[in-house]
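Trainee: Please read through the structure below; I'll follow up with questions.
The values are calculated or read from the model by the stated rules, or taken from the named source; none is laboratory data. All values reported here derive from a predicted model rather than from experimental measurement. Counting neighbours? That spans all protein chains shown, and the Cβs are built from the backbone with ideal geometry, glycine included.
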Amino acid sequence: MANVEITGLHKWYGGGVHAVRGIDLTIPDKQFTVLVGPSGCGKSTLLRMIAGLEQVDDGTIEIGGKIVNDMRPRDRDVAMVFQDYALYPHMTVRNNIGFGLKARKFSPQEIEQRVTNAAEMLAITLLLDRLPRQLSGGQRQRVAIGRAIVRNPKLFLFDEPLSNLDAQLRDEMRVEIKRLHQEIATTIIYVTHDQIEAMTLADWIVLMRDGVIEQQGTPLDLFERPATRFVAGFLGSPRMNFIETRIEQANGTLSLIFDQDRTLPIDASRHAVAQKWIGRNVTLGVRPEHISRSGDNTARSGAGAPLKVLIDLVQPTGTRTYAQFRLNETEVTVELPSHTVEHPGTTIELMVDMSRAILIDPETQNVITE
Amino acid sequence: MERDMQARRKRAGPPPIFRIIFLALFILFVLIPLYWVFVTSIKPSDDYLAVPPVWFPEQPTLVHYTAALFAYHGLTGLINSIVISVSATILSCLVGTLMAYSLARFNTGGPHLSFWVLSQRFLPPIAIILPLFLNYRLVGLQDTHLGLILAYTVFTLPVSVWMMFAYFRQMPRSLEEAALVDGCTRWTAFWRVAVPLAAPGIVAAAVFTFIACWTEFFFAIVLTSRDAFTLPTVFRAFLSFQGAQYGEASALAIVSLVPSIVLGVLVQKHLVRGLTLGALRG
Amino acid sequence: MASSVARTGEIPESGRSGVSARRSDAQFKWLLVTPAVLLILAISIYPLVFSIWILFVNYDFQIPGHAFVGLKNFTQVIFDPVARYSLWVTVGLTVTNVAIEFLLGLVVALAMVKTFRGRGVVISILIVPLFISPVIVGQAWVLILHSPFGPTNYLLSMFVGEEVTIKWLTQWPYNFFALVLADVWQWTPFIFVILLAGLTSIPAHVYEAAELDGVGRWQVFWHITVPYIAPMMLLAVTFRLLDAIRLFDTIFIMTGGGPGTQTYSASYYLYTIGFTQFHLSRATAGAWIFLVLTLLVVVFLVRRLLKPEAN
């Protein structure tokens with residue numbers, strides 16, 4: 001029940017490490033915001049600064065319109081779920097969940113009432129008298145969440161809460177966290193390095209790199225309209241293919257030039273932009289799922305000639321098959337329906353959906369938009 | 001499987017019989033003085049001055065215990081030792097835990113402060129004792145319980161601080177951070193989360209501190225005389241008698257060594273940490 | 001749900017939220033170390049500083065007044081042959097004690113690495129000397145070595161077939177042998193415990209790999225075991241060295257420094273100067289010389305061994 005406003009935020013660690021380098025960020029009330037990025041990008045530091053666990057070296061953090069820079073964590077009315085759950089090993093589940101209320105001197109009846117409600121909501125009522133070491137990983141995770149929601153704070157902070165769980169449990173908890181957000185409708189800031197978590201959970205993704213925000217937006221916004229090569233490569237699995245190439249003009253059409261005389265025509269809608277890049281090197285970015293076998297009905301835009309490639313590696317997953325081929329010295333992955341290609345060594349023709357592909361300036365690493 | 005066995009056999013060193021004999025001899029070496037002290041403490045006076053020595057008394061007696069405790073002020077020494085060692089242990093562990101937590105969590109004073117505390121462990125007592133003695137005389141702490149308690153507290157601080165330091169360091173920081181976010185102040189997070197979790201370590205540190213105070217001799221003979229003398233200093237009384245008081249000395253030795261041995265063996269899994277001030281784990 | 005966890009309770013101490021978190025953290029961390037620092041300052045550092053004044057004045061219970069005497073206190077110690085002799089006794093006993101304790105402790109640790117039934121009990125027995133006051137250790141060895149009533153000479157006589165009348169506590173070199181014996185008895189377990197911890201922490205696969213490579217037993221010992229536990233060896237020996245140079249208690253109880261001043265250690269010498277002859281300023285000067293010599297060892301050895309980040 002609070003918005004968060006971050007302005008010009010900086011954090012230096014001892015030894016001159018500049019972990020957060022000027023972050024400006026507005027998080028509206030009730031929004032599920034995911035801070036995502038590779039390890040060391042400053043996302044956890046940013047979260048811990050919001051929690052009050054790290055001091056602000058420069059800039060301001062406002063929660064609910066109040067500057068909290070010098071406020072102690074306990075006075076910020078935030079709750080946090082830690083990566084290692086941070087359950088107090090010497091307290092029962094009941095006391096773990098109620099500890100924050102006790103520390104805030106709530107009445108015993110009130111504590112009991114709230115702990116019971118939270119436990120019901122998370123289906124851990126039967127575990128209330130156990131100690132953390134008697135719980136499974138998933139149960140500990142629930143207790144950690146219970147400890148956060150029982151206080152009904154202004155703001156929830158999650159620091160990589162699912163990274164210690166195995167894959168299946170992670171999927172389950174992800175669903176639960178999303179449902180939880182719908183039920184309690186509070187502002188959530190969630191840190192993860194996992195792009196699938198980011199995509200599935202977020203209302204708004206803030207993608208960080210080297211202490212700055214690389215790009216922010218809705219999940220599909222970032223996925224479909226990445227601003228940089230880094231963003232394009234970070235979101236999506238398998239990763240987007242990046243192929244170094246060149247734009248040439250022949251017979252009035254603009255094409256990307258590859259080895260073995262292979263070319264890909266650029267769709268007409270981008271001619272105006274591509275015109276400026278004739279004769280220059282660009283990086284083509286195309287997702288594996290936007291390449292299809294020629295003649296397949298899944299092929300979207302049939303513009304131009306198909307690309308003839310020699311498949312050198314096949315990875316069937318059951319639902320789809322990933323195949324790889326070389327193009328301009330780059331190993332390119334393509335996602336095909338099962339049984340499209342059975343063996344490496346097959347030569348097939350592929351169609352690239354150029355309307356979904358991006359062109360990147362190799363020097364700035366920015367996506368070319370105009 | 002077979003190779004594993006071979007590796008094990010080879011690593012095992014000399015043939016087992018050789019090792020068993022060596023270990024048996026060494027155990028004997030450790031036990032003989034203890035046995036001899038014990039047996040002397042229950043021998044009638046005629047027996048321990050007998051040639052050939054009496055290996056085991058036919059009529060064991062407890063007279064030396066009563067004599068040592070009452071005629072040679074052993075009881076006063078015992079009570080003083082208990083009062084002083086317990087007080088110094090409580091004080092040292094209380095103050096030491098506070099400091100260790102600060103050093104472990106906030107890196108207070110950088111490496112200098114923690115090294116400064118550690119260096120106290122290696123100062124030769126003779127360097128401090130002379131001026132300390134003079135100052136104690138000036139302020140009236142000479143031959144008082146408080147004086148020795150303070151001295152023992154300080155000279156055991158490196159042990160308690162560094163042992164607790166190692167404990168707090170290995171405790172996940174996130175527990176206290178969770179407490180801070182949950183609504184604790186730094187102090188309540190320390191007191192209600194960190195301290196209960198470190199309790200086993202505090203107990204172990206307390207035992208080693210107690211043993212150090214209980215067995216200490218040098219500070220005690222300088223800083224105490226008639227009132228606050230501790231159990232080890234009572235042995236001075238037996239020095240000049242050329243063997244006549246061996247029964248009493250042995251009885252007193254048994255009274256003194258039993259508590260510290262029992263405590264020490266109880267916390268032996270922390271022993272390596274205690275001996276190396278937390279630098280090594282057992 | 002949202003309504004049942006309604007925000008009824010307000011934070012009771014919200015009025016204090018203005019306290020700067022930064023400042024209160026800084027206050028908190030210094031507050032925690034304050035009692036310990038004050039105690040060390042009062043009981044350890046202040047006396048040392050105070051003693052600097054004593055170094056240059058007369059402070060002697062036999063000569064009244066505190067007249068400035070310059071470096072006389074130092075010269076008296078430095079030119080006292082007993083002082084220099086006691087320093088050599090200290091060095092000699094320290095090196096002998098620690099060397100024997102190290103070798104014996106290592107061998108015992110090696111013999112105890114492999115588990116066997118009753119190993120736990122054996123370890124409990126072997127560590128017992130660590131928990132006994134050195135005074136009592138000295139007293140125990142006095143009982144055993146005493147001539148004529150102790151069992152030692154009696155047993156030796158039976159062994160060699162003629163009467164042995166060694167005065168173990170008063171006759172050179174046996175009095176030194178007795179002091180070494182008591183020290184070795186008490187402190188070999190110290191080395192043993194640390195080295196055993198080191199040896200048992202060597203992962204078995206290291207030895208298995210060596211075995212597969214066909215490395216011999218001695219080579220395994222020298223090239224795998226020793227380098228692996230070398231840091232523990234260094235640590236154990238350093239701790240022992242720094243404690244061994246204080247040698248006092250067993251001398252006090254076993255030989256009383258005698259015969260004459262033959263078994264004076266540095267600590268024992270300074271103790272007699274200060275507390276039986278009451279030449280306090282001279283003893284203080286000697287203590288400072290001893291302290292500086294010790295500090296050199298501390299700074300060079302300990303600082304490298306024990307970092308706060310250890311473990």
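Trainee: Name the residue that is modelled with the lowest pLDDT, counting only residues in segment B:249-274 that are in contact with a Phe, Trp or Tyr (Cβ under 6 Å, 6 or more places away or on another chain) and of a type outside the set (Val, Ile, Thr).
Mentor: It comes out as B:Gly274.
Trainee: Given the residues A:Gln195, A:Gln215, which is the only one that is in contact with a Leu (Cβ under 7 Å, 6 or more places away or on another chain), without any contact (Cβ under 8 Å) to a residue 24 or more places away in the chain and buried (at least 17 other Cβ atoms within 10 Å of the Cβ)?
Mentor: One residue alone meets the criteria, A:Gln215.
Trainee: For A:Phe82, indicate whether it is aromatic (Phe, Trp, Tyr) and touching a Ser or Thr at 6+ places or on another chain (Cβ under 6 Å).
Mentor: yes
Trainee: Go through segment C:274-300 and give me each residue that's at the interface with chain B (Cβ under 10 Å from one of its Cβ atoms) and closer than 25 Å to B:Phe238 by Cβ.
Mentor: Once the filter is applied, which keeps residues that are at the interface with chain B (Cβ under 10 Å from one of its Cβ atoms) and closer than 25 Å to B:Phe238 by Cβ, segment C:274-300 yields C:Gly274, C:Phe275.
Trainee: Could you identify the single residue in A:Arg104, A:Arg140 that is at pLDDT below 95, within 13 Å of chain B (Cβ to nearest Cβ) and closer than 23 Å to B:Thr188 by Cα? Step through it out loud before you land on a result.
Mentor: Numbers: A:Arg140 fails: closer than 23 Å to B:Thr188 by Cα.
Answer to the check: A:Arg104.
Trainee: Look through segment C:103-154, keep the residues that are within 30 Å of B:Val234 (Cβ to Cβ), without any contact (Cβ under 8 Å) to a residue 40 or more places away in the chain and assigned to a loop (DSSP other than H, G, I, E, B), and return whichever of them is nearest to the chain's Cα centre (by Cα).
Mentor: Looking at the filtered set, the residue picked out is C:His146.
Trainee: Looking at (1) crowded, with 20+ Cβ neighbours inside 10 Å; (2) under 29 Å from B:Val234 (Cα atoms); (3) more than 9 Å from chain B (Cβ to nearest Cβ), which is the only condition C:Asn73 fails?
Mentor: Failed condition: (2).
Trainee: Then there is this: Would you please name the residue that is farthest from C:Ala26 (Cα to Cα), looking only at residues in segment B:154-203 that are touching a helix residue (DSSP H, G or I) at 6+ places or on another chain (Cβ under 8 Å) and not in a helix (DSSP H, G or I)?
Mentor: Within segment B:154-203, the match that is farthest from C:Ala26 (Cα to Cα) is B:Met171.
Trainee: Run C:Ile202 past the list (1) within 12 Å of chain B (Cβ to nearest Cβ); (2) in contact (Cβ under 8 Å) with a residue 40 or more places away in the chain; (3) under 24 Å from B:Arg273 (Cβ atoms) and report the number of the one that doesn't hold.
Mentor: (2)
Trainee: Here is a further query. Identify all residues within segment A:1-35 that are among the aliphatic types (A, V, I, L, M) and without any contact (Cβ under 8 Å) to a residue 12 or more places away in the chain; write none if there are none.
Mentor: A:Val17
Trainee: Just to be sure before I move on: is B:Ala71 surrounded by fewer than 20 Cβ atoms within 10 Å (Cβ to Cβ), of a type in the set (Gly, Ala, Ser) and within 8 Å of another protein chain (Cβ to nearest Cβ) in the structure I sent?
Mentor: Judged against the criteria, B:Ala71 is not a match.
Trainee: Which of the residues that make up segment A:59-101 are within 10 Å of chain B (Cβ to nearest Cβ) and among the hydroxyl-bearing types (Ser, Thr, Tyr)?
Mentor: Answer for segment A:59-101, where residues must be within 10 Å of chain B (Cβ to nearest Cβ) and among the hydroxyl-bearing types (Ser, Thr, Tyr): A:Tyr85, A:Tyr88.
Trainee: Show the residue pairs that are 6+ apart or on different chains and have beta-carbon atoms under 8 Å apart, the first residue being within segment A:340-355 and outside any strand (DSSP E or B), the second being of a type in the set (S, T, N, Q).
Mentor: Close Cβ pairs satisfying both conditions: A:Thr340/A:Thr321; A:Val341/A:Thr321; A:Asp353/A:Ser292; A:Asp353/A:Ser301; A:Met354/A:Ser301; A:Ser355/A:Ser269; A:Ser355/A:Ser301.
Trainee: Give the residues of segment A:325-339 that are crowded, with 20+ Cβ neighbours inside 10 Å and either in a loop (DSSP other than H, G, I, E, B) or out of contact with any helix residue (DSSP H, G or I) (no Cβ under 6 Å at 6 or more places or on another chain) (or both), sorted by residue number.
Mentor: A:Phe325, A:Leu327, A:Val332, A:Leu336
Trainee: Exactly one of (1) within 16 Å of C:Phe248 (Cα to Cα); (2) over 27 Å from the mean Cα position of the chain (by Cα) is unmet by C:Val89. Its number?
Mentor: Result: C:Val89 passes all but (2).
Trainee: Kindly indicate the residue of segment C:242-262 that is more than 11 Å from B:Pro124 (Cα to Cα) and among the β-branched types (Val, Ile, Thr) and also farthest from the other protein chains (Cβ to nearest Cβ) among those meeting that condition.
Mentor: Residue satisfying both the conditions and the ranking: C:Thr261.
Trainee: Could you check segment A:1-84 for strands (runs of 3 or more DSSP E) lying wholly inside it with 1 or more residues that are of a type in the set (Phe, Trp, Tyr)?
Mentor: The qualifying strands (runs of 3 or more DSSP E) are A:4-13, A:32-36.
Trainee: Report, by residue number, each residue of segment B:145-176 that is surrounded by fewer than 21 Cβ atoms within 10 Å (Cβ to Cβ), of a type in the set (D, E, K, R) and within 14 Å of chain A (Cβ to nearest Cβ).
Mentor: Within segment B:145-176, just B:Arg173 meets the criteria.
Trainee: For A:Asp267, state whether it is among the acidic types (Asp, Glu) and loosely packed, with under 15 Cβ neighbours inside 10 Å. Give the steps one after another, and end with the answer.
Mentor: Details: among the acidic types (Asp, Glu): yes; loosely packed, with under 15 Cβ neighbours inside 10 Å: no.
The answer is no for A:Asp267.
Trainee: Are any residues in segment C:223-235 in contact with a helix residue (DSSP H, G or I) (Cβ under 6 Å, 6 or more places away or on another chain) and either under 24 Å from B:Ala127 (Cβ atoms) or of a type in the set (S, T, N, Q) (or both), and if so, which ones?
Mentor: C:Leu235, the sole residue that qualifies.
Trainee: Of the residues B:Ser260, B:Ser225, B:Ser250, which is at the interface with chain C (Cβ under 9 Å from one of its Cβ atoms), out of contact with any His (no Cβ under 9 Å at 6 or more places or on another chain) and among the hydroxyl-bearing types (Ser, Thr, Tyr)?
Mentor: One residue alone meets the criteria, B:Ser260.
Trainee: Considering each residue of segment B:96-138, count those that are of a type in the set (S, T, N, Q), in a helix (DSSP H, G or I) and facing another protein chain (nearest Cβ under 7 Å), and give that number. Don't jump to the end; show me each part of the working.
Mentor: Filtering segment B:96-138 down to residues of a type in the set (S, T, N, Q) leaves B:97, B:102, B:107-108, B:114, B:119-120, B:135.
Now drop any that are not in a helix (DSSP H, G or I), which leaves B:97, B:102, B:114, B:119-120, B:135.
Subset that is facing another protein chain (nearest Cβ under 7 Å): B:102, B:114, B:119-120, B:135.
Number satisfying all stated conditions: 5.
Trainee: Please go through segment B:220-235 and give me each residue that is closer than 23 Å to C:Val128 by Cα and part of a helix (DSSP H, G or I), ordered by number.
Mentor: Hits for segment B:220-235 are B:Ala220, B:Leu231, B:Pro232, B:Thr233, B:Val234, B:Phe235.
Trainee: Which one of these does C:Trp168 not meet: (1) assigned to a helix (DSSP H, G or I); (2) crowded, with 18+ Cβ neighbours inside 10 Å; (3) more than 8 Å from chain B (Cβ to nearest Cβ)?
Mentor: If we test C:Trp168 against (1) assigned to a helix (DSSP H, G or I); (2) crowded, with 18+ Cβ neighbours inside 10 Å; (3) more than 8 Å from chain B (Cβ to nearest Cβ), just (1) comes out false.
Trainee: Determine which member of the set C:Leu235, C:Leu199, C:Leu242 is part of a helix (DSSP H, G or I), surrounded by 17 or more Cβ atoms within 10 Å (Cβ to Cβ) and modelled with pLDDT of 90 or more.
Mentor: Numbers: C:Leu235 fails: modelled with pLDDT of 90 or more; C:Leu242 fails: modelled with pLDDT of 90 or more.
Only one candidate qualifies: C:Leu199.
Trainee: Right, something else. Within segment A:219-264, track down each residue that is basic (Lys, Arg), within 12 Å of A:Leu284 (Cα to Cα) and surrounded by fewer than 19 Cβ atoms within 10 Å (Cβ to Cβ).
Mentor: A:Arg246
Trainee: Looking at segment A:179-236, which of its residues are of a type in the set (Phe, Trp, Tyr) and in contact with a strand residue (DSSP E or B) (Cβ under 8 Å, 6 or more places away or on another chain)?
Mentor: A:Tyr190, A:Trp204, A:Phe230, A:Phe234
Trainee: Of everything in segment C:171-189, what is hydrophobic (A, V, I, L, M, F, W, C) and outside any loop (DSSP other than H, G, I, E, B)? Give them in sequence order.
Mentor: Those that are hydrophobic (A, V, I, L, M, F, W, C) and outside any loop (DSSP other than H, G, I, E, B): C:Phe176, C:Phe177, C:Ala178, C:Leu179, C:Val180, C:Leu181, C:Ala182, C:Val184, C:Trp185, C:Trp187.
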